[in-house]
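The values are calculated or read from the model by the stated rules, or taken from the named source; none is laboratory data. All values derive from a computational prediction rather than experimental measurement. All Cβ positions, even for glycine, are placed from backbone atoms using ideal geometry, and neighbour counts span all protein chains on display.
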Amino acid sequence: MKVSYLNDEFFSRLETLALNLHADLSGYFGGKHRVRTYGQTVEFADYREYMLGDDIRRIDWNLYSRFEKFFIKLFTDERQMHVRIFLDCSASMGKVNPSKGAYAVGVAAALGFLSVHNMDKLSFNLIKNNAVDNPYGTIVGKNMFFRAIRDLDNVEFDGECDISSAITSSRIESSGDGLAIIISDFFTENDWKKAVDYLCYKNQQVLLVQVMAREEVDPLYDGRVNLIDSESVDIADVKNMKLRITRAMQKAYEEALTDYRNELRSFCVSRGADFISVATDKAIEKVLFGELFKVGVIE
């Protein structure tokens, strides 16, 4: 049975939220993200003394009458950012467990909705094998967004995924213009760190969202089982194995998963990026209100 989180009620609960950047943008005019530079809005920010070449229409004549000096008014500047969402479409993200894929799509859609709701540009980049597919182009406005979402809700999860090769070859031409989000379980043998380094090199604010099914976080398997790699095309692959699950193995798995999460988090901290790890049994709204609010991506 197909699982989907995307409906009017889901999006209506997100309208009070907004994406937040830690650093100033060098993006486009006309957005809602206030930066520390001065610009052309109508909201007053400060004064400074008049200098040759300044617009005389900004001179405050009331201050001149008091101090006999020319001061001009400065106003706040607001910019539009570009939110780039990279979605891992490999088999481990949803081929065996469709609810995990639906959850990842729901997170991508929620973050995308927040961007268009706040007048930002948006692009959904689907990572398949070692390439990025951007089937919807640059999305501006809710009409384009909902047309894209209807198609995104039917995305297929299959094959492998090389996050590093895909993102580094995506050719982000602009620098410092917004937020790059990678949604994946990060269960890969490829070096995902190069992708983060590339995005940081492009002066993007980076967010990694690790999505895992509840049974991946807390497996309940016991006894003899067949473990099959969902991304393996060869049934005789060494990744596929028969073994007996013991309590000691479960404990070793828990420790390995904790170490891997810590590695993800530590690397992100070293690069100034943000990282959250979520399980699919947690409501997406709680992820946005809770985890993303803690790291400062949501305000």
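General observations
- Flag if F289 is in the same structural domain as Q205 (by TED's automatic domain parsing) and under 15 Å from W192 (Cα atoms): no
- Criterion violated by D133 - all others in (1) in contact with a strand residue (DSSP E or B) (Cβ under 9 Å, 6 or more places away or on another chain); (2) of a type in the set (D, E, K, R); (3) closer than 20 Å to L14 by Cβ satisfied: (3)
- Across the range 131-163, the number of residues qualifying as assigned to a helix (DSSP H, G or I) and within 19 Å of S184 (Cβ to Cβ) comes to 2.
- Members of the range 29-76 found to be of a type in the set (A, V, I, L, M) and either surrounded by 13 or more Cβ atoms within 10 Å (Cβ to Cβ) or at pLDDT 60 or above (or both), listed by number: V35, A45, M51, L52, I56, I59, L63, I72, L74
- In the range 130-157, the residues that are on the phi < 0 side of the Ramachandran plot form Cβ pairs under 7 Å with partners that are acidic (D, E), at six or more places apart or across chains, as follows: N130/D162.
- One residue from S123, S65, S92 being in contact with a strand residue (DSSP E or B) (Cβ under 7 Å, 6 or more places away or on another chain) and among the small types (G, A, S): S123
- Within the range 158-177, the set of residues being touching a residue at least 12 places away in the same chain (Cβ under 8 Å) and more than 28 Å from K95 (Cα to Cα) comprises I172, S174, S175, G176, D177.
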